[in-house]
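Visitor: Mind looking over this structure? Questions follow.
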Amino acid sequence: MSFCSFIATNYEMPEVDKTKAKYITVKEAIELEIKPHELVPWEKMDLNAQILFFENEDDLNELVIKKDAYYDVSGYTSYPFIYELNFIYSELRAKQLLEYLKENIRKGQILELWRVWIGHDDNEINIPYIRCNHEELSLNHLVQMYNWNHEKYKEQYCIVLER
């Protein structure tokens, strides 16, 4: 089984990438005194080759919302526009997601926010959900959905958001 979180709607939404990733050259990495991976020393690489660089490991866990999903989620929703969410829970990231949802829900539209386990036989029919207006959506809803240490955490959940 695999975890998947996604937004489903009937209109296009902007993508988000808050990972703080940047591309630098091998030459720049050497100048910054970044330690190379033991299997690929800098000397074996082209000095102009681009590498993906993160200041620290935690930067890998920032909020990313990208169009389409790695998994087929068509059994969960009938909406044509799917946006996969990737992040490790923190209150800041949950606040960023809340802001994104409130800014991007269109008047007269519905947006579904899903958190599901892919590959379990009865997952598609037994997922609890709530329906709320975009003004009612709070940080607490997202904390319960993404913080596995919260007392009301639900392994699978859907928020149907209306405006």
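Computed from the coordinates by the stated procedures, all read-outs in this text should not be read as laboratory data. The shown structure was predicted, so the numbers you read here are calculated from the model rather than taken from an experiment. No Cβ is skipped: glycine too gets one built from the backbone with ideal geometry, and neighbour counts run over all protein chains shown.
Visitor: If you restrict to DSSP beta bridges whose two residues both lie in the chain, what percentage is antiparallel, to the nearest 5?
Guide: Close to 85 percent.
Visitor: Kirkwood Rh, the chain, all Cα pairs: how many Å?
Guide: 17.8 Å
Visitor: Filter the cross-link list 27/95; 66/95; 67/102 down to pairs whose alpha-carbon distance in this structure exceeds 28 Å.
Guide: Violating the 28 Å limit, Cα to Cα: 27/95.
Visitor: Follow-up. Find the relative contact order for region 31-107 and round it to a whole percent, using C-alpha pairs within less than 8 Å whose residues are 6+ positions apart.
Guide: The normalised contact order for region 31-107 reaches 26 percent.
Visitor: Under 16 Å from a point 7 Å along the Cα-to-Cβ line of residue 81: which residues of region 140-163 have their amide N that close?
Guide: Only 161-163 fall inside the zone, counting backbone N under 16 Å.
Visitor: Picking from 64, 16, 40, which is most flexible by a Gaussian network model of the chain using Cα springs under 10 Å?
Guide: 40
Visitor: In nm, what is the difference between 0.36 nm times the number of residues separating residue 17 and residue 91 and their Cα-Cα distance?
Guide: Roughly 24.9 nm would be gained on extension.
Visitor: Among all the aspartates and glutamates, which ones have a C-alpha under 14 Å from residue 20's C-alpha, if same-chain residues fewer than 8 places away are not counted?
Guide: Within the straight-line limit of under 14 Å, residue 20 reaches these aspartates and glutamates: 55, 57, 58, 59, 62.
Visitor: If you project the alpha carbons of region 98-163 onto the principal axes, what extent comes out on each, in Å, largest first?
Guide: Sorted from largest, the Cα extents of region 98-163 read 35, 24, 16 Å.
Visitor: For the chain, what does -39500 (n - 2.57) per DSSP helix run (n ≥ 4), summed and divided by total residues, give at 222 nm, in deg cm²/dmol to the nearest 500?
Guide: Mean residue ellipticity at 222 nm (helix-derived): -5000 deg cm²/dmol.
Visitor: Expressed as a rounded percentage, what relative contact order does the chain have, with Cα pairs under 8 Å and six or more residues apart?
Guide: Dividing the mean separation by the residue count of the chain yields 29 percent.
Visitor: Same structure, new question: At 0.36 nm per residue, minus the direct Cα-Cα distance, what do residue 74 and residue 31 gain on full extension? Give it in nm, one decimal, please.
Guide: Length difference between fully extended and current span is 10.7 nm.
Visitor: Would you mind giving the three semi-axes, in whole Å and largest first, of the ellipsoid equivalent to region 68-136 according to its Cα gyration tensor?
Guide: Here the semi-axes work out to 22, 16, 13 Å.
Visitor: Just to be sure I understand: with springs between alpha-carbon atoms less than 10 Å apart, which residue in 83, 11, 23 has the highest mean-square fluctuation in the Gaussian network model of the chain?
Guide: 23
Visitor: For a quick check, take a GNM of the chain with Cα springs below 10 Å and name the residue from 115, 131, 93 with the largest mean-square fluctuation.
Guide: Comparing 115, 131, 93 in the GNM, the peak value goes to 131.
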